[in-house]
Amino acid sequence: MGAYTVLLVDDEEEVIQVIMKKINWEGLGFSVVGYANNGVKALEMVEEFQPDVVMTDIKMPYMDGLELSNHIKADYPATKILIFTGFDEFEYAKEAIHLDIGEYILKPVNSVELMNVFTQLKIKLDQEISEKRNVETLQKYYMESLPLLQANFYSTLIEGRIREDEVSAYLSNYQISLAGPFFCCLVIYASPSQIPKEMNPLLLSMSVQKQAQERLGEKWQAKCFSYLGNTVLIVQLKNENEISELTDECDRFCKYAYRIIGAIVTVGIGQVCGDILQLSQSYTGAREAVSYRVIYGTSRAINIKEIAPQEISKSGVSNDAELSYLFRTIRLNSAPDIIEAVDKYLDHIFSSSLSLQQHHIAIMELISELYKFCMNNEIVMEEFSEDMRKLYNSLLDLEPNGLRKWLVDIGLSFHEKLTSARSRSTKSFVDKAKEYVRNNYSDEDLSLDSICEVLGVSNSYFSTIFKKETGNSFIGYLTDYRTDQASRQLIETNEKSYMIARNVGYTDPNYFSYVFKRRFGVSPSKYRTEHTKE
């Protein structure tokens, strides 16, 4: 395990500099990843760096240390918090205890005391990491995993092999509570390409499953089990809108798993359903979502309804493995992979063991599935809008090379149209967000959470797409837009700075000045003076 990371937070920069110089961080097993002079900036840095320890003052502008600690405890419960302050009132200390703060240190900070605190903290962190990585613990957990009957029921449920009249008896006999009222399947995929030295793939999978149960199981009343090499969770939701919150929490779990046990984890999230007998469809969607890691990246959560609402797998797709593989490759892979998948499928079509009748049936199946693929993905192709019998007869007349060329061309055309549709979708998505900012930037409550609620998506997906399309985070874009509007008003109007601050969504004029100066390098009043002269 490398050095543990520390974020320092204090509005007095000289205090931070003293702490950084007084302490031999490397010798204690820590490294300082950065510092912030207010709670708002600190929270941004916690989201970016996810430090192991946050050492914060209490009294700071814009957001005090206790409010910051509340946010960290809610979203990053594994992060340790140390509070140091000159304000030793009992109420502060009592609330710090309520928040389960690791240590409460009074200023001025004594270097010997601080070194002792971090020495003990290092021991505690080492013990926690050791427990999470201990091979014997994982072996024991594997042997004592979910009872066989319950796991078998869950597997059978997501395979769609439970009849409606059997459900009540299974739930009663196996003492399973699935009250819902809404349900959703998660598929947690741990990449076998990066495995810590002390583990093997099986132990890594068990470790990820254990962490998933601890981080996601209780809140979402999840049923956790292993299926086809992955961890599957059946989560229960109070309402359908909770899916965005679940997606964000799964996204944080992926980053947590990488930081704590070194696992590259992707969580696929299926569609929400109101009946446990529909969980087979949700599982199929979740498994499909995991496949999209080749497009959207690993170590993140992927919600199938957010990324590809038209591409969710539907019933009735051919059971032929080569044909299913071909469609999956068209959706996700590159041109050489598509050509290879076509060749693999056609090897089956032109197999010498197939009779002429079987060959004709295979061509009919191919046309039928290609047509369904067009319909499900809203692809317009001239070949499938004309007489299907004519198309069928023309394909029967093609020799192998001719059919191969036709199918390659169709596959590449499908791939191009799907890629173009995704690009249009994400750009339209970002354009809507930008338009909403233009119309509502003066609203002080405009935030990442509120824009995601308006668009009906999770924070993690929105943040990824917005950053990819604009090169900036949404909060960065909103801040830049607000300060740009403020700069115009400073030059074009005679309004006071505090009024301009309100006009662009800042109720605290001091924070507005801080943000404005961070953007333009000068205060609002000086900016107005300089540009008025020009």
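For the reader, a short list of remarks on this structure follows.
- Difference of contour (0.36 nm per residue) and Cα-Cα distance, Leu148 to Tyr511: 124.9 nm
- Here r is the Cβ-Cβ distance between Lys21 and Leu448 and R0 is 45 Å; the resulting FRET efficiency, rounded to 0.05, is 0.80.
- Accessible carbon and sulfur surface of the chain relative to its total accessible area, %, 1.4 Å: 48 percent
- Label-to-label distance for Asp126 and Trp406 is 7.0 nm, based on points extended 7 Å past Cα in the beta-carbon direction.
- Under 5 Å, built H, 5+ apart or other chain: amide partners of Ser523: none
- Difference of contour (0.36 nm per residue) and Cα-Cα distance, Glu365 to Lys467: 32.5 nm
- Between helix 39-49 and the chain: long-axis angle, C-alpha atoms, 0 to 90°, nearest 10: 40 degrees
- The chain, accessible area per residue, ligands and nucleic acids excluded (1.4 Å, Å²): 50 Å²
- Fraction of antiparallel bridges per DSSP, the chain only, in percent to nearest 5: 45 percent
- Length-normalised contact order of the chain in % [C-alpha pairs under 8 Å, at least 6 apart]: 8 percent
- Backbone HN-Hα couplings from phi across the range 165-170 [Karplus 6.51/-1.76/1.60, Hz, Gly and Pro as x]: 6, 9, 4, 4, 5, 4
- The C-alpha atoms of the chain define a longest principal axis, and helix 474-492 lies at about 60 degrees to it.
- Once the Cα atoms are used to define both axes, helix 524-533 deviates from the longest principal axis of the chain by about 90 degrees.
- For the pair Ile379 and His71, label points projected 7 Å from Cα toward Cβ lie 4.5 nm apart.
- Pairs from Lys59/Lys526; Lys21/Lys107; Lys124/Lys210 whose Cα-Cα separation, in the structure shown, is over 23 Å: Lys59/Lys526
- Under 5 Å between amide hydrogens, built in the peptide plane, is the criterion, and for Ile302 it picks out Val267, Gly268, Ile269 among residues at least 5 positions away or on other chains.
- Table column - 3J(HN,Hα) (Hz), the range 105-122, Karplus curve with 6.51, -1.76, 1.60, x for Gly and Pro: 10, 8, 6, x, 6, 8, 5, 5, 4, 5, 5, 5, 4, 6, 5, 5, 5, 4
- The aspartates and glutamates within cross-link reach of Lys132, meaning a Cα-to-Cα straight distance under 17 Å and a gap of 8 or more places when in the same chain, are Asp52, Glu144, Glu198, Glu214.
- Extending 7 Å from Cα along the Cβ direction at Asn440 and again at Lys496 yields two label points whose distance is 2.9 nm.
- The phi-based Karplus calculation (6.51 cos²θ - 1.76 cosθ + 1.60; θ = phi - 60°) puts the 3J(HN,Hα) values of the range 179-195 at 7, x, x, 10, 9, 7, 9, 10, 10, 9, 9, 9, 5, x, 7, 9, 10 Hz, whole numbers, x for Gly and Pro.
- Near the amide H of Phe182, within less than 5 Å, lie the amide hydrogens of Leu237, all on another chain or at least 5 residues away, with H placed in the peptide plane.
- Extension gain, Ser334-Ser193: 0.36 nm per intervening residue step, less the Cα-Cα distance, totals 48.6 nm.
- Set of lysines near Lys434 by C-alpha distance (under 20 Å), chain-local residues within fewer than 8 positions excluded: Lys467, Lys468
The values are calculated or read from the model by the stated rules, or taken from the named source; none is laboratory data. Note that this is a predicted model, so its numbers are computed, not measured. So basically every Cβ, Gly included, is an ideal-geometry build from the backbone, and we count neighbours across all protein chains shown. Heads up: the accessible areas ignore ligands, DNA and RNA and are worked out on the full protein's heavy atoms, side chains in. Shrake-Rupley method; radii C 1.70, N 1.55, O 1.52, S 1.80 Å.
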